[in-house]
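Reading through the structure tokens given below for one structure.
The values are calculated or read from the model by the stated rules, or taken from the named source; none is laboratory data. Note that the structure is predicted; figures quoted are calculated from it, not measured. Glycine gets a Cβ as well: all are built from the backbone with ideal geometry, and neighbour counts include every protein chain shown. Remember, those area values only see protein heavy atoms, side chains included, never the ligands or the DNA or RNA. Shrake-Rupley method; radii C 1.70, N 1.55, O 1.52, S 1.80 Å.
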Amino acid sequence: MSVKEPRFPLSLSAVVDQKENMVPKNRMATTQTAIKNAAHFSDERKAQAAWRPKSVHASTPSSAGPVSQKMNSPSHASTVPSSSGMVSDRVRQAMVARVAQKGVLDKIVLAALEAVPRHLFIDSGLSSQAYIDASLPIGHHQTISQPYIVARMIEIMRNGRTLNKVLEIGTGCGYQAAVLSLVAQEVFSIERIKGLHELAKNNLRPMRIANIRLHYGDGTLGLTQVAPFDGIILAAAGIAVPQALLEQLAVGGRLIAPVGSKNQVLQLIERISVDEWSSSVLEHCHFVPLRSGIV
Ligand code: SAH
């Protein structure tokens, strides 16, 4: 069996899982493999323009390829010299390796994380921290989520499936929506703060991602006109998961949400049948609060 070397940025066909099984289970990537997989752009803006998933129906046989879990982080891993796209690619690979070390195993999700230029979603003054595995301020008292938690939640929601329609509550700066766009056919994302909705639009526009739809509104109500969703992901913590969202989950679908106020946990809800849901509590987490209404 031959495995095609992936090229980054990945086309969406490279990260949707139709070819996931082509990767032999015991195949370990080396640091060299991971570095070879990186895109080598001459500058950041070129990378931004080039990062353009084409079509989920593209038929190019390709594999997302395994991401090494043993890759050593380069010493410059927490800084992003903005003059070189290649350096930020390597720093991003190191971040992805750390996320994998923390236990995220889904190769499709790791490849998506590696393909999205996180530094382009935050204020340029914070660029040097873009690939630290941490949340960062994005204005309006909100944060861009920590890469590990983004990857972990998407991995749990995906559960090895090919996702058709996904709903995100809390667009923020649009980073997670961009990651989701590489693992689902259609992404709908709702933001309640006008300024952040606009920020996400501005961040995502140059990337020309065809399969993201941004909505300004109260995400606790979901999007009845588009439901049902195969997956729903909340980027803000409520004291409980809103009923409307449970009802907009497709049978067989998965919803993942932070729940709680001071002590928050990730809650996974699966819709078993038309009138039956199952719920389980996963790890501790820390998110900004889920609020109702729009501002
Ligand atoms: N998804 C973002 C994380 C943003 S932080 C990322 O990629 O990093 C969480 C966001 O949820 C904030 O922007 C906040 O305004 C938003 N939010 C909180 N309650 C909401 C609601 N009811 N509807 C929509 N967005 C909401």
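Values for this structure:
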{"read-out": "Residue in region 56-71 that is among the charged types (D, E, K, R), modelled with pLDDT under 95 and touching a His at 6+ places or on another chain (Cβ under 8 Å) present", "value": "no"}
{"read-out": "All positions within region 172-192 that are touching a Lys or Arg at 6+ places or on another chain (Cβ under 9 Å) and either among the hydroxyl-bearing types (Ser, Thr, Tyr) or open to solvent by 10 Å² or more (accessible area, probe 1.4 Å) (or both)", "value": "Tyr175, Gln185, Glu186, Phe188, Ser189, Arg192"}
{"read-out": "Region 259-295, subset away from the ligand (no atom under 14 Å from the Cβ) and among the small types (Gly, Ala, Ser), residue least open to solvent (accessible area, probe 1.4 Å)", "value": "Gly260"}
{"read-out": "Helices (runs of 4 or more DSSP H) wholly inside region 88-204 that include at least 1 residues being free of Cβ contacts under 8 Å to residues at least 60 places away in the same chain and more than 13 Å from the ligand (Cβ to nearest atom)", "value": "107-115, 147-158, 194-204"}
{"read-out": "Output for region 122-147, where each listed residue is under 16 Å from the mean Cα position of the chain (by Cα) and buried (at least 22 other Cβ atoms within 10 Å of the Cβ)", "value": "Ala130, Tyr131, Ile144, Ser145, Pro147"}
{"read-out": "Ile256 vs. criteria within 16 Å of the ligand (Cβ to nearest atom) and open to solvent by less than 30 Å² (accessible area, probe 1.4 Å)", "value": "yes"}
{"read-out": "For His119: the one exception among (1) under 21 Å from His286 (Cα atoms); (2) touching a helix residue (DSSP H, G or I) at 6+ places or on another chain (Cβ under 7 Å)", "value": "(1)"}
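Here is a yes/no grid of residues against (1) under 23 Å from Gln185 (Cα atoms); (2) of a type in the set (A, V, I, L, M); (3) modelled with pLDDT of 95 or more:
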| site | (1), (2), (3) |
| --- | --- |
| Ala97 | no, yes, yes |
| Asp106 | yes, no, yes |
| Ala112 | yes, yes, yes |
| Ser127 | no, no, no |
| His141 | no, no, yes |
| Ile154 | yes, yes, yes |
